[in-house]
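Chemist: Pasting a structure here, questions to come.
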Amino acid sequence: MSPPVGRQVRTGGTGRQQAPPAKWIPPGDRARIGNTEIAIGLFYLGSYLPGPGQAIVQYAINPALPVASSGADIEGHSMPYWSSYADMSPAARRAFLDWMRDGRRNPAYGIGYVFMFFYGLEHRLFVDRGDDAALLVREVERLLTIYGTNNSFRGYATTFVAMACVWYGARLPLPPLSPERLGGPELDLATRLYLGERLADSPSLSAADALRWVLASPDTYLRTPALRCFDEFVRLWNIRFAKRFPAGLAVNAKCKISLRYRAASAAFEVEVDGTHQKWPDVSGLSKPLDKLQALVAECTDELDAFSRFVGRKPALRNSMVAAAMLPDDLQRTPGLAAFGEFRRQLASVMGEQGRGSTTAQILFQMAGIEVPPDGKIPAAVADDLGRALDSIDVAIEPDRRYGSSVPRADEQVFVFKAQGGGAVDAARAPFKAMRAQVEVAVLAAGADGDASFEELQRTIARIRAATDLSGVEQARLIAFAVTTFNSPPKRARVMRKLAEMGEPERRAIAGAALAVVGDNPTPDVSEVKFLERLHKSLGLPKEAVYEGLHQAAAARPDEPVAISEEKRVAGVPIPKEPAPARALSPAPGGIRFDAARLARTRQETSEVSALLSGIFEEEAPPPLPVIEQPAALKGLDGPHTELLELLELRGAMSRSEFDRHAREMRLLPDGAIERINDWSFDRFDEALIEDGDEVTVAPHMRDRIAEIGESTA
């Protein structure tokens with residue numbers, strides 16, 4: 001119901017102008033209009049009010065005008081669009097007077113009546129300049145609590161209160177810094193005056209004042225990261241602002257603040273005088289504001305990852321994982337509780353040497369991440385933890401970002417100090433090849449069901465001897481070896497990856513497995529069979545297995561294995577034991593071994609397990625892994641299973657190579673293809689092997705065969 005700016009006010013006739021003007025009824029004075037008595041005042045009673053160049057009849061309550069005795073128009077349907085007591089219908093005047101009489105508090109009455117009363121308060125304050133300004137402001141604030149849901153009235157009434165404070169020298173309260181928009185097409189008055197006063201004292205603005213300015217600007221729109229993470233946004237703003245504007249933001253505002261109050265009634269417009277007229281006005285500036293809005297965008301972008309994480313997992317907002325997604329400068333701010341607590345707990349695991357191991361579940365709990373009840377850790381969650389550790393210069397293995405699988409909650413993880421979390425290029429050929437060697441070495445070591453500490457040490461020695469690996473690559477691979485020996489990978493998964501390697505890498509992998517098994521004085525028959533299968537998978541001749549074992553046996557001195565540094569006592573020689581019988585080639589009865597030597601080696605393995613706990617700062621040595629050999633695929637016998645697995649691992653091989661492998665397994669090549677395809681039709685309703693110049697496994701079937709193999713492993 002508020003009139004637009006520039007509305008013409010109806011004036012009274014000549015007779016009205018000669019009559020006495022309306023008088024102000026203060027609170028507590030009684031006034032009678034017809035048969036209605038109003039005892040709370042705060043209105044003008046009479047036929048007109050003198051205005052700037054014209055008489056005003058709009059909000060003068062003229063007792064001479066007719067008022068209906070009943071049938072009040074409470075909702076104001078008969079009110080003119082422009083609220084005016086002189087132009088009201090008698091029914092509308094009845095409703096207006098009743099509303100005034102009853103305390104001006106009934107929300108059922110139309111907003112036009114509220115505006116009619118408000119117009120008089122404007123005149124009293126800004127034209128008459130009465131001595132009851134505080135009372136008028138309190139009355140308007142009371143009306144806002146009742147009728148403030150009306151946007152038009154709320155806007156005019158809020159401006160009235162603010163201008164009244166300025167008019168009488170009171171300081172406007174500053175709104176708190178908030179991501180919520182204040183609304184309105186202009187800079188809010190409180191911020192405008194505050195910034196003007198600050199610039200009157202200094203030609204530049206601080207980070208806090210600049211932020212207040214840009215947030216109050218009608219042209220600034222905060223995106224989701226700044227809205228959702230406002231506290232972090234403010235802290236980052238202060239850091240970035242200090243770097244960008246070390247001396248503060250210089251603002252050259254030539255214009256001074258000029259305020260005019262334009263009445264909601266459109267009956268008058270006045271200049272609001274005060275000390276603010278000497279202060280610089282920022283409302284018309286654009287260049288400094290452009291710089292600030294650009295900085296808002298930069299800070300918002302930097303918080304994007306943190307915001308998305310918090311949006312998905314609000315319960316983890318204060319966790320270490322969330323904190324690690326903050327910009328680096330925020331992570332280094334003092335008092336960030338998540339970092340301090342996480343570092344303290346990690347220190348208890350790594351000790352003074354800066355390395356140690358624990359279970360995945362304990363580490364995730366330290367980071368404030370809940371592990372699912374089934375113990376399966378999602379890959380994305382594992383990556384979150386890895387990034388959290390990166391931020392405090394700690395590396396973890398296994399780490400799927402560098403080729404490992406995600407550990408289960410109860411599996412061992414190894415952590416060690418490394419700049420930036422020990423990042424490496426997982427696709428770099430030497431690193432990738434050595435990882436494969438470690439995995440195969442673990443499978444070879446566990447082929448006899450007893451992976452020993454000596455076999456782990458031989459694998460670690462091989463890593464340390466690799467001159468084409470960097471220090472951090474070696475550290476990662478050693479940690480990977482430790483955890484992999486305790487939690488061996490699936491054989492089918494490892495074998496499947498081997499087919500992707502080039503010939504030099506395949507030979508190196510075979511050499512790693514031979515080194516683990518060959519250095520054992522009494523290799524087990526299952527270990528040798530594993531080497532045979534491995535060589536077949538790698539496309540290498542089986543004879544290389546025995547050649548390698550012979551070479552390892554020839555190079556190995558026949559002495560006891562040293563568990564710790566040997567301290568000899570002069571005059572007490574250590575006798576050598578008789579040379580045990582070793583198996584250097586296959587025999588019908590299997591590989592022969594010295595039972596006494598095997599018993600002693602296992603005793604030494606038990607002792608070195610305790611040594612392992614000291615090297616890697618574990619509270620107790622984890623149980624050694626037991627790796628079972630895969631069973632035949634259901635429906636296929638052992639030779640056909642082995643031939644199928646070999647083909648699945650390789651993906652394809654020439655027909656001549658396939659024939660050779662089939663005959664080595666005492667199978668007829670064509671009959672083997674037919675038997676496997678018959679099995680496949682029974683199980684999958686389609687052929688598995690495609691025959692031609694090359695014998696291949698249908699690409700879409702490889703994963704299904706691998707899954708079946710793993711499920712029976």
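Readers should treat all values here as calculations from the given coordinates under stated rules, not as data from a laboratory. Please read these numbers as outputs of a predicted model, since none were measured by experiment. All Cβ positions, even for glycine, are placed from backbone atoms using ideal geometry, and neighbour counts span all protein chains on display.
Chemist: If you stretched the chain out fully between THR149 and GLU75, how much longer would it get, using 0.36 nm times the residue separation minus the C-alpha to C-alpha distance?
Modeler: 25.0 nm
Chemist: If you plug each phi of the range 198-206 into the Karplus form 6.51 cos²θ - 1.76 cosθ + 1.60 with θ = phi - 60°, what whole-Hz ³J(HN,Hα) values come out, in order, with x for Gly and Pro?
Modeler: Residue by residue, the range 198-206 yields 5, 6, 5, 8, 8, x, 9, 10, 6 Hz.
Chemist: Let me ask another. Please arrange ASP281, ASP399, ASP301 by how many other C-beta atoms lie within 10 Å of their C-beta, fewest to most.
Modeler: So the ranking, lowest neighbour count to highest, is ASP301, ASP281, ASP399.
Chemist: Quick one: if you stick a label point 7 Å off each Cα along the C-beta vector at ASN318 and ARG343, how many nm between them?
Modeler: About 2.0 nm separates the two model spin labels.
Chemist: Moving to a separate point now. Okay, which of the range 138-179 sit inside 11 Å, backbone N to the point 7 Å along the Cα-Cβ direction of THR275?
Modeler: Inside the label zone: 169-171.
Chemist: Between ARG30 and ALA200, what length in nm is gained on full extension when 0.36 nm per residue of separation is reduced by their alpha carbon distance?
Modeler: So the extension gain works out to 56.4 nm.
Chemist: Still on this structure, I have one more. Would you work out the charge dipole size for the range 189-302 about its Cα centre, treating the Cβ of every Lys and Arg as +1 and the Cβ of every Asp and Glu as -1, and quote it to the nearest 20 debye?
Modeler: The dipole of the range 189-302 has a size of about 160 debye.
Chemist: How would you rank PHE530, PHE339, PHE414, going from fewest to most other Cβ atoms within 10 Å of each one's own Cβ? Don't skip to the end; give the middle numbers.
Modeler: On the way: PHE530 24, PHE339 20, PHE414 27.
By the 10 Å Cβ count, ascending, the order reads PHE339, PHE530, PHE414.
Chemist: A further question on this structure: Go ahead and run the numbers for FRET between ILE362 and THR159, Cβ-Cβ distance against an R0 of 51 Å, rounding to 0.05. Please list the in-between numbers first.
Modeler: Working: r = 61 Å, r/R0 = 1.19.
Calculated transfer efficiency: 0.25.
Chemist: What length, rounded to one decimal in nm, is gained on full extension from GLN293 through to GLU694, with 0.36 nm per residue of separation minus their alpha-carbon distance?
Modeler: Result: 137.9 nm gained on full extension.
Chemist: Quick one: what are the phi-derived ³J(HN,Hα) couplings along the range 375-382, Karplus 6.51/-1.76/1.60 with θ = phi - 60°, whole Hz, x for glycine and proline?
Modeler: Those phi angles translate into x, 8, 8, x, 4, 5, 5, 4 Hz.
Chemist: What distance in nm separates the two pseudo spin-label positions at ARG387 and SER654, each 7 Å out from Cα along the beta-carbon direction?
Modeler: Placing both labels 7 Å beyond Cα along the Cβ direction yields 4.9 nm.
Chemist: Based on the Cβ-Cβ distance from MET665 to ILE239, what FRET efficiency comes out when R0 is 60 Å, to the nearest 0.05?
Modeler: Numbers: r = 68 Å, r/R0 = 1.14.
Working from the Cβ atoms, E equals 0.30.
Chemist: Modelled label-to-label distance, ASP128 and ALA465, 7 Å Cα→beta-carbon offset: nm?
Modeler: For ASP128 paired with ALA465, the spin-label model returns 10.5 nm.
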